[in-house]
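Here the structure is laid out as structure tokens; the discussion comes afterwards.
The values are calculated or read from the model by the stated rules, or taken from the named source; none is laboratory data. The structure presented is a predicted model; accordingly, all values stated were derived computationally and were not measured. Here Cβ is always computed from backbone atoms with ideal geometry, including for glycine, and neighbour counts include all displayed protein chains.
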Amino acid sequence: MPRALISVSDKRGVVAFARGLVDLGWEIISTGGTAAALRSGNVPVIEVERLTGFPELLDGRVKTLHPVIHGALLARRDLPEHLKALAQHKITPIDLVAVNLYPFQLTIAKPDVSLEDALENIDVGGPSMLRSAAKNHASVLPVVDPTDYPAILDLLRQGDIDTETRREFAAKVFAHTADYDAAIAAYLTPADEGLPSRLGIAMERVQALRYGENPTQRAALYVTEEPRGMRDLAQRQGKELSFNNLLDIDAAMSSVAGWGNRPACSIIKHTTPCGIAIAGSAVEAFRKARATDPVSAFGSVIGFNTVVDRATASAMSDLFVEVVVAPSFHADALETFAAKKQLRVVELPVSDGARSLDFKRVRGGFLVQDQFQFDPSEQGWKIATKRSPSELEWNDLRFAWAAVAAVKSNAILLARDEAAIGIGAGQMSRVDSVFMAVHKARQQGHDPAGSVMASDAFFPFADNIELAADAGIKAIIQPGGSVRDEEVIAAADRHGMTMVLTGRRQFRH
């Protein structure tokens with residue numbers, strides 16, 4: 001009778017999986033909480049301690065680290081001396097290991113996690129069993145992902161599992177444990193030491209893509225264990241997602257993450273917003289964001305930080321959109337979207353600001369930095385001009401400062417009534433970005449007079465301020481820090497403008 005050892009932290013589908021194994025004539029070995037869950041599902045279980053002769057020790061820290069378990073996993077069936085050793089010590093081989101690990105990554109993602117909690121969620125026995133099984137995958141099938149349970153049962157019903165399939169499952173195990181260890185190493189690296197001295201990144205390919213940025217480039221989507229990331233993406237309808245779609249989806253959800261519970265909408269073209277706004281509802285946020293630049297909104301990716309309802313879906317019915325992405329959709333919104341068969345509708349959680357790293361590829365290596373997180377704090381802000389912002393200006397300056405963080409540098413954003421009215425992005429000089437923002441505003445029928453202007457970095461020359469003043473802009477927010485700050489501030493004072501310096505730069509290179 002074949003034996004399976006099942007010990008899981010994530011118990012999704014484990015009862016059905018174990019019951020399916022029993023129906024195929026397998027014997028189940030298990031530990032602690034998993035054994036209790038299986039028994040409650042009327043699955044017969046042999047406790048590990050019955051095999052080892054030892055109870056669980058040290059609050060469960062020691063239970064499977066025993067020769068009876070690892071001998072059963074590591075013995076090669078093609079070596080007579082290994083089988084003789086098993087018989088001599090009365091060890092029955094184990095033929096399948098289904099293990100997933102303590103949720104270390106989810107634990108450290110909590111903002112108030114203590115070192116003690118983090119250490120308690122480092123799995124020791126689980127990786128040991130998985131690695132033993134994966135090393136001996138010709139004889140022991142290693143299973144680390146609960147979503148693989150149905151496929152494994154189907155394979156077992158068909159008979160023996162071939163060598164190539166076993167090797168794929170083994171590779172998945174080693175990738176998973178490598179990622180797990182990398183997360184632990186990164187967490188334990190002292191903060192004052194900076195980034196880890198070595199980085200190992202294990203990623204799982206979850207989707208092959210038709211091509212990359214261009215048809216001549218191969219592409220696929222790989223995911224990590226990072227919480228609230230692309231692993232959690234769920235497509236509800238529409239065509240297959242493309243490489244460029246996925247880049248824009250990520251940009252869209254990053255750009256609406258800074259407003260907490262206030263409904264926000266961002267309309268993305270080529271990873272930068274062509275419209276962005278906040279309002280009292282998703283539909284109103286969309287209307288305001290679309291008004292920024294209705295022409296550029298054609299063929300866009302539209303992101304929301306809140307649930308999308310029927311009213312919002314109906315409001316975009318006349319617009320060609322590549323993707324709509326939000327944390328969730330009402331059923332009636334999905335019914336409305338269903339009329340557009342090609343429209344991709346995607347659910348993806350808004351990032352909760354978990355600690356993570358950002359990677360940028362360079363030739364022969366990677367540049368690594370902390371993931372950018374917008375800081376809504378106004379600590380260190382100061383009014384640099386003689387005139388202070390009015391209450392209405394303050395409201396729009398705060399919005400503009402959050403919105404410009406999503407725009408590619410050099411970034412300039414004009415705002416009125418908590419909506420962008422003109423955006424200048426990616427220009428080689430900042431004064432060109434100011435010109436472009438004013439030009440785009442006027443091109444779409446917005447009068448920049450009386451609006452506010454945000455800049456992601458300091459103004460190197462006063463010509464930016466002169467151009468803004470000529471357009472009638474009355475309030476500016478920017479980091480400051482230029483050697484010509486005094487000239488820039490003096491220019492603002494000459495034109496009766498108000499200027500707030502935040503002391504923080506928000507480049508998106």
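Descriptive notes on the structure:
- Scanning the stretch 387-408 turns up no residue that is of a type in the set (S, T, N, Q) and at pLDDT below 95.
- For ASP370, the criteria (1) more than 18 Å from SER255 (Cα to Cα); (2) outside the structural domain of GLY238 (by TED's automatic domain parsing); (3) among the acidic types (Asp, Glu) hold in every case but one, which is (1).
- Output for the stretch 471-501, where each listed residue is within 30 Å of GLY445 (Cβ to Cβ) and assigned to a loop (DSSP other than H, G, I, E, B): ALA471, GLY472, ILE473, LYS474, HIS495, GLY496, MET497
- Selected residue (criterion: nearest to ALA4 (Cα to Cα)) from residues of the stretch 144-168 that are in contact with a helix residue (DSSP H, G or I) (Cβ under 6 Å, 6 or more places away or on another chain) and β-branched (Val, Ile, Thr): VAL144
- Listed conditions (1) at pLDDT below 80; (2) more than 20 Å from ASP145 (Cβ to Cβ); (3) outside any helix (DSSP H, G or I) are all met by ALA72, apart from (3).
- Test set (1) closer than 19 Å to GLU204 by Cα; (2) surrounded by 14 or more Cβ atoms within 10 Å (Cβ to Cβ) - ARG167 fails condition number: (2)
- Any hit, the stretch 212-222, residues being under 15 Å from the mean Cα position of the chain (by Cα) and free of Cβ contacts under 8 Å to residues at least 40 places away in the same chain: yes
- The stretch 238-257 - residue that is outside any loop (DSSP other than H, G, I, E, B) and of a type in the set (S, T, N, Q) and, of those, surrounded by the most Cβ atoms within 10 Å (Cβ to Cβ): SER255
- Count of the stretch 125-155 residues which are within 19 Å of LEU73 (Cα to Cα) and assigned to a helix (DSSP H, G or I): 12
- For the residues ALA186, ALA138, the requirement of being surrounded by 15 or more Cβ atoms within 10 Å (Cβ to Cβ) and either aliphatic (A, V, I, L, M) or touching a helix residue (DSSP H, G or I) at 6+ places or on another chain (Cβ under 8 Å) (or both) singles out ALA186.
- Selected residue (only one of ALA257, ALA285 is out of contact with any Pro (no Cβ under 9 Å at 6 or more places or on another chain) and not β-branched (Val, Ile, Thr)): ALA257
- Checked against the criterion of being touching a Phe, Trp or Tyr at 6+ places or on another chain (Cβ under 6 Å), of a type outside the set (Asp, Glu) and in contact (Cβ under 8 Å) with a residue 40 or more places away in the chain, the stretch 469-484 has at least one qualifying residue.
- A search for C-beta distances below 9 Å between a residue of the stretch 76-105 that is in the same structural domain as ARG131 (by TED's automatic domain parsing) and any residue that is aromatic (Phe, Trp, Tyr) and not in a helix (DSSP H, G or I), counting only pairs 6+ apart in sequence or on different chains, returns ASP95/TRP26; LEU96/TRP26.
- On the stretch given as the stretch 26-69, residues that are of a type outside the set (Val, Ile, Thr), at pLDDT 75 or above and under 17 Å from ASP10 (Cβ atoms) total 9.
- Search result, residues across the stretch 302-330 that are of a type in the set (Ser, Thr, Tyr), out of contact with any Pro (no Cβ under 7 Å at 6 or more places or on another chain) and under 18 Å from ASN261 (Cα atoms): THR312, SER328
- SER429, sole failed condition from (1) surrounded by fewer than 20 Cβ atoms within 10 Å (Cβ to Cβ); (2) among the polar types (S, T, N, Q); (3) within 28 Å of the chain's Cα centre (by Cα): (3)
- When the residues of the stretch 208-237 are filtered to those that are touching a Gly at 6+ places or on another chain (Cβ under 8 Å) and part of a strand (DSSP E or B), the one that is modelled with the lowest pLDDT is VAL223.
- Residues of the stretch 283-308 satisfying the condition of being surrounded by fewer than 24 Cβ atoms within 10 Å (Cβ to Cβ) and not hydroxyl-bearing (Ser, Thr, Tyr): VAL283, GLU284, ARG287, LYS288, ARG290, ALA291, PRO294, VAL295, ALA297, PHE298, GLY299, VAL307
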